[in-house]
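Enquirer: Just dropping this structure here.
The values are calculated or read from the model by the stated rules, or taken from the named source; none is laboratory data. As the structure is a prediction and not an experimental result, all values here were calculated from the model. Glycine gets a Cβ as well: all are built from the backbone with ideal geometry, and neighbour counts include every protein chain shown. SASA here: full protein model, heavy atoms, side chains in, ligands and nucleic acids out. Shrake-Rupley method; radii C 1.70, N 1.55, O 1.52, S 1.80 Å.
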Amino acid sequence: MHRINKDRLLADFEALSKFGATVAGGISRPALSEADMAARGWLRQQIEAAGLDYRMDSAGSQYGRLTGEDDTRTLLTGSHLDSVPNGGRYDGALGVLSSLEAIRCIKELGMIPPISLELVNFTDEEGTLLGLFGSRAVIGQLTQQEIDAPRCGKDYLESSLQRAGLTDAGLLQAQRDDIIGYLELHIEQGKRLTEGATDIGVVTAMVGIRSYTLHFYGQAAHAGTTPMTERADALWAATDFMEQARQLVIEKYLPGVINFGVIQAHPGAYNIVPGEVTLAMEFRHGSDEMLDAMNADLLDIAYTVTNTDELSVTAERGGDIHPAPMDERVISAIETACEEADLSAMRLLSFAGHDAQSIARVAPAGMLFVPSQKGISHNPAEYTTPDDMVNGANVMLNSLLALANQLA
Ligand SMILES: [Zn+2]
């Protein structure tokens, strides 16, 4: 197995952490802000200094290419340099630097990979502008509609694009068809690795999200004169449902999760038994099969708790996000690299979104996680130990080499 240059990786990390540094020890580097532009300028210098071919696409994503024997096919690797406001130093940045270090080492070893290897810094992973914007541009999934009415506001998008020399029209022209694989390193942003004393997390899928608006109907009534045994209380039905749904997920669907984020009782007064309740429900799991099974069980419970003459329920499906399974070849390349480096590994689901979920739609993709101390992320206190950073980058280097050979 090969090893990365540890001192160089850690020095790069310190240098990069200065762009957008906050007094709290984190960084504020929203996509295409002045701080992000400075970080991007620094990355370009590192790419050029390493003798890799630098390029920026029309959606602003930056690349550093090491040409392979077959230059028509690309194994892409990287993450993002943008951050949430007042975020941490590791989220995204560590992935970009590990991939940079890995490709730099391969070049220094004098190896010519069978296919081209390319580092990427995807624009706006965190959603300051559009969300997973660089990676969705690459797979042709951005729409004119969201560019015309972005969640950040049209003026903000325009001024951000201008800062990077980009245009509206270009965003829809960044699609590529040469990508045949993708590998990303990221901090876990959870506690599973630290609690399990495990070195590396191997992601099996990015979870899908399914949502519903449930309406429970009963009978509005006088809160004093209606006997307890004669009430058709829509809120009691809803709370029965929530309690049973919670038990169901804990007993049958872990590590899946469920959340009820909005509850509204109507008419909504101290002295009226609720006649109607609106409930926002969202649940997440790693495969469509699991989501389908959860879906069926949850609706069953909703119909069972309202199975009386005076109660009823309707379920309105909201927008879905499909799970993004990682590729078995990429998963096993990461696991093999862990074994060779004598590092412990654990398969897990990613409950957060990442650029890998975009690329997984068009090519074999995979992700490895390194431990996040206390699971803290999107916070200045985000921390990964230098040893964990180096372990992750070593696994990145060796799995990248193995994958290049395997996918060629
Ligand atoms: Zn991230």
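Enquirer: Can you sort CYS105, CYS152 by solvent-accessible area, 1.4 Å probe, largest first? Present the calculation step by step, with values, prior to reporting the outcome.
Expert: Values: CYS105 10, CYS152 35 Å².
Result, largest first: CYS152, CYS105.
Enquirer: Which pairs break 31 Å Cα to Cα here: LYS154/LYS374; LYS191/LYS252; LYS18/LYS107?
Expert: Numbers: LYS154/LYS374 38 Å; LYS191/LYS252 22 Å; LYS18/LYS107 27 Å.
Result: LYS154/LYS374 exceed 31 Å.
Enquirer: Right, here's the next one. Quick one: dipole size for the chain, taken about the Cα centre, charges +1 on Lys/Arg Cβ and -1 on Asp/Glu Cβ, in debye to the nearest 20. List each step's numbers first, then the result.
Expert: On the way: 30 positive and 56 negative charges, 161 e Å.
Dipole of the chain, to the nearest 20 debye: 780 debye.
Enquirer: Okay, next question. Rounded to the nearest 10 Å², what accessible area does ILE272 show when all protein chains are kept and the probe is 1.4 Å?
Expert: It works out to around 60 Å².
Enquirer: Next question. Among 273-281, 260-268, 42-50, how do they line up from the highest to the lowest mean number of other beta-carbon atoms within 10 Å? Write down the numbers at each step before the final one.
Expert: Details: 273-281: 20.8, 260-268: 13.4, 42-50: 16.6.
Order by mean packing, descending: 273-281, 42-50, 260-268.
Enquirer: How big is the gap, in Å, between the Cα center of region 237-279 and the Cα center of region 312-351?
Expert: Here the two parts' Cα centres lie 28 Å apart.
Enquirer: Where both residues lie in the chain, what percent of DSSP beta bridges are antiparallel, nearest 5?
Expert: Values: 43 of 66 bridges.
About 65 percent, rounded to the nearest 5.
Enquirer: Does a label point 7 Å from the Cα of GLU328, set along Cα-to-beta-carbon, have any residues of region 356-381 with amide nitrogen under 16 Å, and which are they?
Expert: Within reach of a label on GLU328, which here means backbone N under 16 Å from a point 7 Å along Cα→Cβ, region 356-381 contributes 364-366.
Enquirer: Using only helices, what value at 222 nm comes out for the chain when you add -39,500 (n - 2.57) per DSSP H run of length 4 or more and divide by the total residues, to the nearest 500 deg cm²/dmol? Each step should come with its number before you reach the end.
Expert: Numbers: 13 runs with 148 residues, N = 408.
One gets -11000 deg cm²/dmol as the mean residue ellipticity at 222 nm.
Enquirer: Considering the dipole of the chain built from charges on the beta carbon (Lys and Arg +1, Asp and Glu -1) around the Cα centre, which of GLN357, LEU185, ALA38 is farthest to its positive end?
Expert: ALA38
Enquirer: Roughly how many percent of the accessible protein surface of the chain is carbon and sulfur, given a 1.4 Å probe and a whole-percent answer?
Expert: Values: 8460 of 16990 Å².
That share works out to 50 percent.
Enquirer: Over what distance in Å are the Cα centres of region 131-148 and region 181-227 separated?
Expert: 25
Enquirer: Rg/Rh for the chain: what does it come to with C-alpha atoms and Rh from Kirkwood? Display every interim value, and only then the final one.
Expert: Numbers: Rg = 24.2 Å, Rh = 22.9 Å.
Over the Cα atoms of the chain, Rg/Rh equals 1.06.
Enquirer: If a paramagnetic tag sat 7 Å from the Cα of LYS252 along the Cα-Cβ line, which residues of region 300-326 would have the backbone N under 11 Å from that point?
Expert: Hits in region 300-326 for LYS252 at 11 Å: 300-302.
Enquirer: Given a 1.4 Å probe, how much area per residue of the chain is accessible, in Å²? Spell out each step's value before the answer.
Expert: Working: 16990 Å² over 408 residues.
Accessible area per residue: 42 Å².
Enquirer: How big is the accessible area of PHE351 in square angstrom, nearest 10, if you roll a 1.4 angstrom probe over the protein chains?
Expert: 60
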